[in-house]
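Values quoted throughout were computed directly from the atomic coordinates according to the rules given, and no laboratory measurement underlies them. Since this is a predicted model, take the numbers as computed values, not measurements. Here the Cβ positions follow ideal geometry from the backbone for every residue, glycine too, while neighbour counts run over all protein chains shown.
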Amino acid sequence: MLEVDVFHRLGEFVLEARFASDGRVTALFGPSGAGKTSLVQALAGLLRPERGRIVVDEQVLFDHDAGIHVPPHRRRIGYVFQEGRLFPHLTVRQNLLYGRWFTPRAERREGLDRVVDLLGLGFLLDRRPGRLSGGEKQRVALGRALLASPRLFLMDEPLASLDAARKEEILPYIERLRDETGIPIVYVSHSVAEVARLASTMVLLAEGRVEAAGSVGAIMSRLDLIPLIGRDAAGAILEAKVVGLDRGTDLTILRTGAGDLYVPRLDLAAGTVVRVRVRARDVMIATRPQTDLSALNVLEGTVAEIAAVDGPVVEIRLDCRGESIVARLTRHSVERLGLAPGRRAYAVIKAIALDSPGLVASRSTLVPADAEESAP
């Protein structure tokens, strides 16, 4: 459990953030200058707020009224920056072990062999940082932080300096840390795709204040927050389970609360949990059931909300069996179709729009891999 309630002035900028999270990964999201890094520094103890309280897993790290300010080196927090910040004169093995030197022996939870295996570092141990790629450096930085046996990970845009290929290389390792270590993570990012893939809780910051905090799916589907999230990134997040493979079409069937979805083939066992990001720009709306369409995914729902904005483009939110689907339409289409809250409508989504970058597999499964057979 993470509890944060802090106030601090930095010149004309005021940080006033209050939220609580019990999620495995809490994403701090917002534009540049929103206060994300300042908040992370307060969590790490590098910035002492003027007032407030910070609690991690029932351990009070800061309480202004009680006079508590645990210094950074005693907070047992693993801090991973945009760059690896490795010691250039030390080997990978030595950089990794550096993290253990400041942790009492009785509190060390992770061994070197386990961390090396978790992050795929075995063939790098004798190299120095100058011979590593950007992604490899970040994996070593993650391992060094993990070997310090932290009670909390702080990741301040750890992928910002990497190109797309290196990001795809390192994301699975961050997922492994999330799923296999049990250590909570506070993850700072400008990328909705990263947040949708990694986080369970999202804290949306703007001008030093928390505009919203909650599950990633709930925040992403709020029409009033689209200006802060970004119109191009707006959409919905659905939790799904792999049902199996439709052998006739070579498409994977996913079961969501909103209905079944067909997506390009995923090499995942039946029962695997995935997260589906459905972008608003990829959703069409119909007012009657559709059959003669190339799009395979049609979800029945009710118009729950239409954004009150000026201009030719508008977002609407459908309630599909309790799940939210967001669509972006022209105002002309909304008027032509007679869409209004309470109107029955159908979200139409092309299977090709739900390609692998929008789908994230969980390491866990809802059922054993052999509990369900592939669809005929």
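If you count, for each residue, the other Cβ atoms within 10 Å and average over each peptide, how do 344-354, 242-252 line up from highest to lowest?
Details: 344-354: 18.9, 242-252: 16.6.
Going from most to least packed, we get 344-354, 242-252.
Using Cα-Cα distances under 8 Å and only pairs 6 or more residues apart, what relative contact order does the chain have, in percent? Working shown, then result.
On the way: 827 pairs, mean separation 60.1, N = 376.
Relative contact order for the chain comes out at 16 percent.
Nearest 10 degrees is fine. How inclined is helix 134-147 to the longest principal axis of the chain, computing both from alpha carbons?
Here the helix axis deviates by roughly 60 degrees.
Given the Cα-Cα distance of residue 60 and residue 108 and 0.36 nm per residue of separation, how much length would full extension add, in nm? Working shown, then result.
On the way: separation 48, 0.36 × 48 = 17.28 nm, distance 2.07 nm.
My answer for the length gained is 15.2 nm.
Got a sec? Charge dipole of the chain, +1 on Cβ for Lys and Arg, -1 for Asp and Glu; which of 202, 243, 73 is way out at the positive end?
73
Any idea what the relative contact order of region 235-365 is, in percent, if you count C-alpha pairs under 8 Å spaced at least 6 apart?
Across region 235-365, relative contact order equals 31 percent.
Using only the Cα atoms of region 235-365, build the gyration tensor, take square roots of its eigenvalues as a ≥ b ≥ c, and label the shape rounded, prolate or oblate: rounded if a/c is under 1.5, else prolate if a/b is larger than b/c, else oblate.
Prolate, because a/c is 1.5 or more and a/b exceeds b/c.
Could you give the length gained by full extension between residue 291 and residue 128, i.e. 0.36 nm per residue of separation minus their alpha carbon distance, to one decimal place?
Here the segment from residue 291 to residue 128 would lengthen by 52.7 nm.
Which GluC sites (Glu not before Pro) in region 7-68 pass both tests, a DSSP loop state and at most 16 other beta-carbon atoms within 10 Å?
Details: sites: 12, 16, 50, 58; in loops: 12, 50, 58.
Sparse-neighbourhood loop GluC sites (Glu not before Pro): 12, 50, 58.
If we count other beta carbons within 10 Å of each Cβ, what is the order of 81, 62, 123, fewest first? Please list the in-between numbers first.
Details: 81 17, 62 24, 123 10.
Exposure proxy ranking, most exposed first: 123, 81, 62.
Where Lys and Arg each count +1 and Asp and Glu each count -1, what net charge lies around residue 231 among other residues with Cβ under 11 Å from its Cβ? Don't skip to the end; give the middle numbers.
Working: positive: 279, 281, 328; negative: 232, 315.
Counting the neighbours of residue 231, the net charge comes to +1.
Using Cα pairs closer than 8 Å and at least 6 residues apart in sequence, work out the relative contact order for region 36-192, in percent. Don't jump to the answer; show the numbers that get you there.
Details: 228 pairs, mean separation 42.0, N = 157.
Across region 36-192, relative contact order equals 27 percent.
If I model a spin label at residue 332 and residue 10 as a point 7 Å from the Cα along the Cα→Cβ vector, what separation in nanometres do I get?
Calculated label separation equals 4.6 nm.
Put +1 on the Cβ of each Lys and Arg and -1 on the Cβ of each Asp and Glu in the chain; which of 159, 351, 88 then has its Cα farthest toward the positive end of the dipole?
88
Let me know the shape class of the chain, please: from the alpha-carbon gyration tensor, a ≥ b ≥ c as square roots of the eigenvalues, rounded when a/c is under 1.5, otherwise prolate if a/b is greater than b/c, or oblate. Present the calculation step by step, with values, prior to reporting the outcome.
Details: a/c = 2.33, a/b = 1.45, b/c = 1.61.
Oblate, since a/c reaches 1.5 and b/c is not below a/b.
Could you tell me the calculated FRET efficiency between residue 353 and residue 176, based on Cβ-Cβ distance and R0 = 30 angstrom, to the nearest 0.05?
Details: r = 28 Å, r/R0 = 0.93.
That gives a FRET efficiency of 0.60.
What lysines does residue 137 reach when the alpha-carbon gap must be under 28 Å and sequence neighbours fewer than 8 apart in one chain are set aside?
36, 167
What is the angle, in °, between the Cα long axis of helix 164-181 and the longest principal axis of the Cα atoms in the chain? Nearest 10 is fine, range 0 to 90.
Here the helix axis deviates by roughly 70 degrees.
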